[in-house]
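What follows is a single structure, written as structure tokens, with notes after it.
What follows is calculated from the coordinates using simple rules that are stated; it is not laboratory data. Quantities reported herein were computed from a predicted structural model and do not represent experimental measurements. Methodologically, a virtual Cβ is constructed for each residue, glycine included, from the backbone with ideal geometry; neighbour enumeration extends over all protein chains shown.
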Amino acid sequence: MSWPVTTRREPDGALSTGGVPLPRLAAEFGTPLYLFDEATLRQRAREIQATFRASYPDSRIIYAGKALLSPTIVGILAEEGLGLDVVSGGELAAGLRAGVPPAAMTFHGNNKSADELRDAVAAGVGLIALDNDLEIELLAAVVSELGASASVLLRLNPGIAAHTNAKMRTGAIDSKFGFPIETGQAMAAAERVAATPGLELVGYHAHIGSQIFDPTLVRTTIDRLLEFAAAVRDRFGIEPQAIVPGGGFGVADDASGADVSIAEWAQVAADALRSGANRRSLPLPDLIVEPGRAIVGPAGVALYRVGARKAIPGVRTYISVDGGMADNIRPSLYGAKYSATLANRDGAGETMETVTIAGKYCESGDLLIESIDLPPLVPGDLLAMPMAGAYCLAMASNYNLAPRPAAVLVQDGTSRLFRRRETLDDMLATEVTTTALAR
């Protein structure tokens with residue numbers, strides 16, 4: 001997957017997505033601008049569901065909302081039958097606003113507050129993933145207070161150091177996430193949950209990291225979850241109803257299409273579940289998978305307007321655009337490597353030049369693309385960057401007091417604004433005074 005499925009060049013050379021020319025969107029909504037193709041969103045949701053159900057019929061797909069939790073986007077995915085994975089009270093509220101059934105939600109996070117857990121239980125969230133001892137204590141108090149019950153997963157740390165950026169690893173023993181299996185802390189947590197009224201232990205969760213390109217790692221993850229599940233069954237008589245090996249499907253940021261094979265991932269997961277459960281005389285549990293980037297990433301395109309040029313002979317040429325690390329921190333934070341193309345013209349026949357695409361923010365590390373060959377760019381040109389649907393707007397900030405971009409949904413030649421550009425008043429709304437304190 002690379003560009004949205006509806007992307008093409010128009011006869012005048014302009015790029016279009018969803019039947020809408022990108023220059024028209026830039027003129028109407030300004031730049032930087034994020035656009036999302038509804039056809040791609042729906043296609044990705046359907047393909048991933050069909051792929052997993054073909055390999056393992058008792059599969060459920062839960063969209064990892066942290067990739068981008070916009071009620072508009074989540075509402076579309078809910079229409080396609082996806083559940084929602086949330087990690088905060090804010091994401092829970094947004095998911096409810098989007099119309100996601102609470103029973104189709106899973107509440108993750110490594111430091112959930114009592115108020116967040118209370119909101120989750122009161123709303124009827126389907127699964128709550130417990131990450132540490134404090135959360136067991138807090139949730140026990142909440143269900144007692146509300147006279148309710150909660151179905152819970154234990155988030156386990158399986159001790160798998162995935163080959164990905166160190167900041168994306170979540171399954172190694174040295175991680176803030178999950179109860180480590182090898183230290184005995186996971187079994188102690190299972191014992192505590194089993195003995196707590198109102199808490200029903202229904203399964204186990206692990207997530208070894210993001211941008212995982214080796215599908216065979218899911219086999220090891222599932223096997224360790226099942227091994228632990230069998231040990232819990234033997235000690236406490238609790239059989240797993242669900243196994244959740246996370247998501248983290250590797251997707252090429254540079255739109256090369258060199259993505260992990262989800263079909264292979266699904267088949268490996270299905271084989272691991274069937275063989276692992278059979279060896280341990282466990283009933284077959286549901287398989288719950290949590291893709292985020294793999295669904296929303298390919299649907300999104302970031303659109304920037306070209307500004308200043310700085311040529312340093314013998315070194316490099318910088319081309320600055322009107323966005324950067326405040327709307328896409330990933331190149332600076334993770335070293336993510338993106339691509340881009342001219343959106344207002346095709347540049348056919350022009351001699352290519354190697355340039356660096358720089359953002360407008362006051363940081364030397366504010367580089368969106370370190371090196372890329374493009375036709376000569378002039379001020380006012382439009383650059384389109386694909387694979388921008390995930391973890392760009394979701395991690396956006398107001399650094400340098402810049403407004404976060406607008407976002408539009410495109411489909412069948414029409415566009416709909418679903419997130420307006422922030423204003424100065426929006427950004428200063430939380431300031432309680434605008435004058436100096438009297439001395």
How long, wide and thick is the range 108-291, going by the Cα atoms along their three principal axes, in whole angstroms, largest first? 52, 37, 29
Taking the range 1-142, the whole-percent share of alpha-carbon pairs separated by over 26 angstrom is 40
For Ile136, the net charge from surrounding residues (Cβ-Cβ under 12 Å; K, R +1; D, E -1) works out to -2
Euclidean distance between Cα centres, the range 364-378 to the range 60-139, Å: 38
Considering only Met187, Met105, Met427, give the residue with the highest GNM mean-square fluctuation for the chain, with springs between Cα atoms whenever their separation is below 10 Å. Met427
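What number, in percent, do you get for the relative contact order of the chain if the mean sequence gap of Cα pairs under 8 Å and at least 6 apart is divided by its residue count? Working shown, then result.
Numbers: 999 pairs, mean separation 86.5, N = 439.
Relative CO of the chain lands at 20 percent.
Per residue, what volume in Å³ does the convex hull of the Cα atoms of the range 297-439 enclose? Provide the component values of the computation, followed by the final result.
On the way: hull volume 21.8 nm³, N = 143.
Enclosed volume per residue, from the Cα hull, is 152 Å³.
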Less than 10 Å Cβ to Cβ from Ala396, Lys/Arg counted +1 and Asp/Glu -1: what total charge do the surrounding residues give? -1
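Return a whole-number percent for the relative contact order of the range 108-291, with Cα pairs under 8 Å and 6 or more residues apart as the contact set.
Rounded, it is 18 percent for the range 108-291.
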What do you get when you divide the Cα radius of gyration of the range 235-366 by 2.2 N^0.38 Å, with N the number of residues? 1.61
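Could you tally the net charge around Pro158, taking each other residue with its Cβ under 11 Å from the Cβ of Pro158, Lys/Arg +1 and Asp/Glu -1? Working shown, then result.
Working: positive: Arg155, Arg224; negative: Glu182, Asp223, Glu227.
Its environment carries a net charge of -1.
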Mind pulling the per residue volume of the convex hull built on the Cα atoms of the range 228-283? Å³ is fine. 81
List the pair-distance distribution P(r) of the chain, using every Cα-Cα distance, as the percent of pairs falling in each 10 Å bin from 0 up to the bin containing the longest distance, rounded to whole percents. 4, 20, 28, 23, 15, 7, 2, 0
Okay, helix-only estimate at 222 nm for the chain: each DSSP H run of n ≥ 4 adds -39500 (n - 2.57), divide by all residues, round to 500 deg cm²/dmol; what do you get? -9000 deg cm²/dmol
Restricting to lysines and to Cα separations under 20 Å from Lys337, and discarding same-chain partners fewer than 8 apart, the set is Lys167, Lys360
Running Debye on the range 78-117 with equal point scatterers at the Cα sites and no solvent, what base-10 log of I(q)/I(0) appears at q = 0.21 Å⁻¹? -0.59
